[in-house]
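Student: After the structure tokens below, expect a handful of questions from me.
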Amino acid sequence: MQPFIDQIISECEILQGLPLWFSYLIFQLIFCGIIFVFVAVFAMLAGYAERRVAGRIQSRIGPNRVGPQGILQSLADGIKVFLKEDIIPTHADHILFRLAPYFIFIGMFLSFVAIPFSSQWVIADLDIGIFYLLAVESLVVIGIVMSGWASNNKWSLLGGMRSAAQIVSYEVPVALTILLVVMYSGTMSIQGIIMAQGAAPWNWNIFQTPFLFVAFFPLFMGSLAEGNRMPFDMPEAESELVSGYNTEYSGFRFVIFFFAEFSNLYLIGALATVLFFGGWQAGPLPDFVNGLLGIETPLSAAIVKNLVELCVFMFKSLCLVFIVIQLRWTLPRVRVDQLMNICWKYLVPVAFFNLVVMGIWMVVVPEYVTDIVALCMTACGVLLLGYFFYRVAWQLKNTKARLRFNPLS
Amino acid sequence: MRERHPRSVNFEIPRYILFMTYFSNIKTAVSTVFEGMTITFSHLLREPMTIQYPDRTPLPVKDTLPPRYRGFLCVRPEICTACTLCQKTCPIDCIVIEHSKDEELKQRVMTRFDIDMAKCMFCGLCTEQCSTGAIYFTNEFEASTSNIKDLVFKFIKQGEKVIPYKIPRKKKPAAAAAETQAAAKEKKE
Amino acid sequence: MTESNQPEKVFKTEEMVLNMGPQHPSTHGVLRFELTTDGEVMTKAVPDIGYLHRGIEKLAETVGYVGFMPYTDRIDYVSAMTANQGYAMAVEKLAGIEVTRRAELLRCTASELNRISSHLVGVGSFGLDMGASTPFVHALRERETINDLLESLCGARLTYNYVRIGGVSHDLPTGFIDKAMVFLNHFEPIVGELNRLLSDNKIFIERLANIGVISKEDAINYGLVGPNLRGSGVKFDVRRDEPYSVYPELDFNIPVGLGKAGTLGDCFDRYYVRVEEMRESAKIVRQCLLKLKDLPEGDIMGKVPRKIKPPKGEVLVKVESSRGEMAYWIVSDGSDNPLRLHCRTGSFTSMGIIEKLSRGMMIADLVALIGSFDIVAPEVDR
Ligand code: SF4
Ligand code: SF4
């Protein structure tokens, strides 16, 4: 962030008169506000998109009445929920009950501080950014346990307890995988990890070695579990626990839960993008766009560059978000003991194995072999994608389905 | 504690097989999830089945219903014979027919024919009993009102008198033959 | 209780009594379970039934033989046609009424279509209980077509009241056979897709394998019926073992549980029997439709007296409903109304074994168990 702000200040006469710390503060506040708006808008749009995608997956249409193509549906729902009576159960623990949503929200929001949007647009590029992310995300579990406990509802309590067990366990494979990436990139700074990768797929971490490819799955599943997403949505398993830890919430507090859930969706996508998919790396694309637009001034060039990188980053994250959404509408829910099994018997050993083998690999295998392997892995990835679409076509043919490609109808 | 089925903890299974199941578990899990994803993805390309009732349907839903559809009941009092068979068959007594001898007209008249659609269970027993088809089902089905009394359909307005329909008597061939025979006999005598 | 100083008693934990239902997403209606749990593991779950008791059996004593027909729809609203048929057969047997062949074929077609739609609901909502919401909607989408077919046949989508004592209310509408054939051709690949999406899914199998295992003996002793019984490997189906209607002429298999996922008689077997039964029912409907095509137009009602007044006596008639054997027992005293009518249903019998099976289960397993019995709450209470 600092270089970008410096650049703006150097361009802007008025700001030069102000003390440096003051303009820094102002800019940081502005960016915080932007992030807040981003979170809110993203949560709303993600809620809408999820419902539309789910609709089409289920041979339905999804919300299409409020605003053009129903895009304001989440807003309408939000307003509706706001107008609901704010109920606190009589025997609930009032203080904790009120506090819990904010814990969840803060835990989620603090993560955005370290998540980059482009090479320069990041609130704080911490040296231990990835470590910070891990730490801050755990705040969410406190909020969930709090809300489960404070609701004085046995189902909520069960949800809260499940969530505690789940998030604490799944942090282990996630941390191990992150450790692997940190080891491979040689830095704990998020920007550093992205910088260690490149724009082309064979420069992404995921396609570097087979082990890094496998390592992606513990991370992805772990962050699904930490975000309480299907198939690991134990804490709010609606067919078992009614609605889990947020059963007793209504009104504004419920909206906060909703926000937290959907912005978490973005965090899942962004984290995986940062670690495995080359983050905002756009290669020659920004220069190309700059050339196209004929931009000369360094500030606007920087802005365009950042915008392009933002788009690249968003595109990758949103693709992952789409996969998360699609997974939710594909899979059944696992049972709570199986959840632990998957974590401790499958993900943790796999993550450990990857860590160790990758360490050896880094010492033993020469650079050029890794490059060749990376190319092969990329080819495999493309083949896998091709096979996916081949299967999709086969499914359509097998059931003689009538097609409609227009996503909005 | 959780009862485990003997098969899930079988100590005689050799180690290497357990090791194999470990990997086959991963394999089946990955492949079936992959398969599921292709199916759900393929549904993104299929036609949705939603009927956007009520306002965005190509035809009003009412007109797409099959002719046998059992919607609201309707009565044509002009051809009702006041036989009250429908009233008697209705299992929940939601048809009320009142008929009496009218002094002015010197005839039986119907003064009331109410069907309580809020009670009706659309079973169709009443329409089957009717010999003239005076009571029949329509394709109307939108029944929400703010007052449940609106659902009592009155087919004969208050104070109105309806003369029951008389089915023109067609003599049965056997009866007609017997009559002619009787007439012939009379003639002979 | 005296105070004890032993440390293990000081840290004694209590069991928690949880109230699942009457309004709970996975009790399939208004049904209540009282769970005694130790954390996630239950020590027992006691079903508490009766929230949907509407006194349907008692109603029969006042509405008469003909008037009771629409009430049989409400006994099991997911599979009303078989309930209709069972009742009609009971009264026909009591009053000695003959049914024409065309009517029998029509009844059979309608019941089997209804069985498919009922199993679709059962299988789909079972998926929903397990957290997979998409197969549920896909199943309901297919059911919608069946509803359309039956609507064109009898005018209603859910409470059909199609069967009459002595026959059926309507003959086939024009184009029904073609439409039904188109549906069946479309439906069979869909079952495969449902299998690929749900039944083969590793998570789904893991959720169900070895859960709620009912041995053959237990299944018989607890009086389980229908797919729940067949899931335990007992090959008993009223349609084949005590054949009625036109079933003897038809060619179909009785799917039984094979222990494909784990142990014989677990939740997966009960689930999978239903999936297979949908295929078999589709086969039956095909055969019935072909037979109906060949059959010349004819009466759909047998000779029924104007007033049905069966002689004194009692009958017990069984049909294979979607939820298993459905038995009607009617006592007649020779008057217009039955003296006593009793209806024994599949969901009710499966309530009995839940307490035994639930010991040591997890809460999520109980959801699987209830779902695997394919309980329809009004059928439990009637
Ligand atoms: S449809 Fe059935 S319930 Fe309704 S009025 Fe007719 S007989 Fe009565
Ligand atoms: S509607 Fe039909 S059955 Fe009812 S009283 Fe009139 S003629 Fe009789």
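Student: Taking the Cα centre of chain C as origin, sum charge times position over the Cβ atoms of Lys and Arg (+1) and Asp and Glu (-1), and report the length of that vector in debye to the nearest 20.
Tutor: Approximately 800 debye in magnitude.
Student: At most 10 other Cβ atoms within 10 Å plus a DSSP loop assignment makes a site exposed; report the longest stretch of chain A without any exposed trypsin sites (Lys or Arg not before Pro).
Tutor: Looking at chain A, A:1-399 is the longest stretch - no exposed trypsin sites (Lys or Arg not before Pro) with at most 10 other Cβ atoms within 10 Å.
Student: Per residue, how big is the convex hull of the range C:257-382 when only Cα atoms are used? Give it in Å³.
Tutor: Looking at the range C:257-382, the number lands at 157 Å³ per residue.
Student: Within the range C:159-197, which trypsin sites (Lys or Arg not before Pro) sit in a loop by DSSP and count at most 10 neighbouring Cβ atoms inside 10 Å?
Tutor: Listed in order of number, the matching sites amount to none.
Student: Give me the one-decimal Kirkwood hydrodynamic radius in Å for the protein assembly as shown, with the sum taken over alpha-carbon pairs.
Tutor: The answer is 32.5 Å.
Student: Largest first, please: the extent of the C-alpha atoms of the range C:155-241 along each principal axis, to the nearest Å.
Tutor: 48, 34, 23
Student: Hey, got the Cα dimensions of the range A:126-218 along the principal axes, in Å, largest first?
Tutor: 52, 28, 19
Student: State the Cα centre-to-centre distance between the range C:191-267 and the range A:120-174 in whole Å.
Tutor: Each part reduced to its Cα centre gives a spacing of 42 Å.
Student: Counting Lys and Arg as +1 and Asp and Glu as -1, each charge on the Cβ, what is the dipole of the protein assembly as shown about the Cα centre in debye, to the nearest 20?
Tutor: Magnitude of the dipole: close to 3740 debye.
Student: Hey, with R₀ at 30 Å, roughly what FRET efficiency would A:V365 and A:A393 work out to, going by the Cβ-Cβ distance, to 0.05?
Tutor: It comes out at approximately 0.20.
Student: Still on this structure: Taking R0 as 22 Å, what's the FRET efficiency between A:F36 and A:I79 from their Cβ-Cβ distance, rounded to 0.05?
Tutor: 0.70
Student: Net charge around C:V315, counting only other residues with Cβ within less than 12 Å of its Cβ (Lys, Arg = +1; Asp, Glu = -1)?
Tutor: Around C:V315, the charge tally is +2.
Student: Right, here's the next one. What average number of partner chain Cβ atoms lie no more than 10 Å from the Cβ of the residues making up C:202-211?
Tutor: For this peptide, the per-residue mean of nearby foreign Cβ atoms is 6.
Student: Let me know the longest stretch in chain A that avoids all GluC sites (Glu not before Pro) found in a DSSP loop with at most 11 other C-beta atoms within 10 Å.
Tutor: Looking at chain A, A:86-295 is the longest stretch - no exposed GluC sites (Glu not before Pro) with at most 11 other Cβ atoms within 10 Å.
Student: From a point 7 Å beyond the Cα of C:E297 in the direction of its Cβ, which residues of the range C:131-171 have a backbone N at a distance under 11 Å?
Tutor: Once the point is set 7 Å along Cα→Cβ of C:E297, nothing inside the range C:131-171 turns out to lie under 11 Å by backbone N.
Student: Enumerate the residues in the range B:100-138 having an amide nitrogen under 16 Å from the point lying 7 Å beyond the Cα of C:R306 toward its Cβ.
Tutor: Answer for the range B:100-138: B:129-132.
Student: Find the all-direction average of the projected area of the Cα convex hull for the range B:67-154, expressing the result in square nanometres with one decimal place.
Tutor: 6.2
Student: From the helices alone, meaning DSSP H stretches of at least four residues, give me the mean residue ellipticity at 222 nm for chain C, per-run term -39500 (n - 2.57), in deg cm²/dmol to the nearest 500.
Tutor: That comes out to -15000 deg cm²/dmol.
Student: When you take every Cα atom in chain C, what is the radius of gyration, and what is Dmax, the widest Cα pair distance, in Å?
Tutor: 22.1, 88
Student: Measuring from label point to label point, each 7 Å out along Cα→Cβ, what is the A:K345 to C:I220 span in nm?
Tutor: 3.5
Student: Something else about it: Label points 7 Å out from Cα along the Cβ direction at A:L383 and B:D55: separation in nm?
Tutor: Those two pseudo-labels are separated by 5.4 nm.
Student: While we're looking at this one, here's another question. Please give the FRET efficiency for B:D102 paired with C:I177, using the beta carbon to beta carbon distance and R0 = 51 Å, rounded to the nearest 0.05.
Tutor: For B:D102 and C:I177, the calculated efficiency is 0.45.
Student: What is the percent of Cα-Cα separations in the range A:347-409 that go past 18 Å?
Tutor: More than 18 Å apart: 66 percent of the Cα pairs in the range A:347-409.
Student: Can you list which of the trypsin sites (Lys or Arg not before Pro) found in the range C:33-91 are DSSP loop residues with at most 16 other C-beta atoms within 10 Å?
Tutor: Sites meeting the loop and neighbour criteria: C:R54.
Student: Okay, moving on. Given +1 on the Cβ of Lys and Arg, -1 on the Cβ of Asp and Glu, and no further charges, what dipole in debye does the range C:180-226 carry about its Cα centre, rounded to the nearest 20?
Tutor: Charge dipole, the range C:180-226, about its Cα centre: 80 debye, nearest 20.
Student: Give, to the nearest whole percent, the P(r) tail of chain A beyond 38 angstrom, counting all Cα pairs.
Tutor: Tail of the P(r) past 38 Å holds 25 percent of the pairs.
Student: Continuing with this model, one more query. Using a probe radius of 1.4 Å on heavy atoms only, what accessible surface per residue do you get for chain A? Whole Å² is fine.
Tutor: Roughly 43 Å² per residue, with all protein chains present.
Student: Would you mind calculating the gained length between C:D336 and C:L52 on full extension (0.36 nm times residue separation, minus the Cα-Cα distance), in nm to one decimal?
Tutor: Once the chain is fully extended between C:D336 and C:L52, it gains 99.5 nm.
Student: Which whole-number percent gives the relative contact order of the range C:294-382, counting Cα pairs below 8 Å spaced six or more residues apart?
Tutor: 21
Student: Let me ask another. How big is the range C:325-382 on each of its three principal axes, counting only the C-alpha atoms and giving the largest first in Å?
Tutor: The principal-axis extents, from largest down, are 53, 17, 16 Å.
The values are calculated or read from the model by the stated rules, or taken from the named source; none is laboratory data. Since this is a predicted model, take the numbers as computed values, not measurements. With ideal geometry, Cβ positions are generated from the backbone for all residues, glycine too; neighbour counts draw on all protein chains shown. Keep in mind that these areas ignore ligands, DNA and RNA; they rest on the heavy atoms of the full protein, side chains included. Shrake-Rupley method; radii C 1.70, N 1.55, O 1.52, S 1.80 Å.
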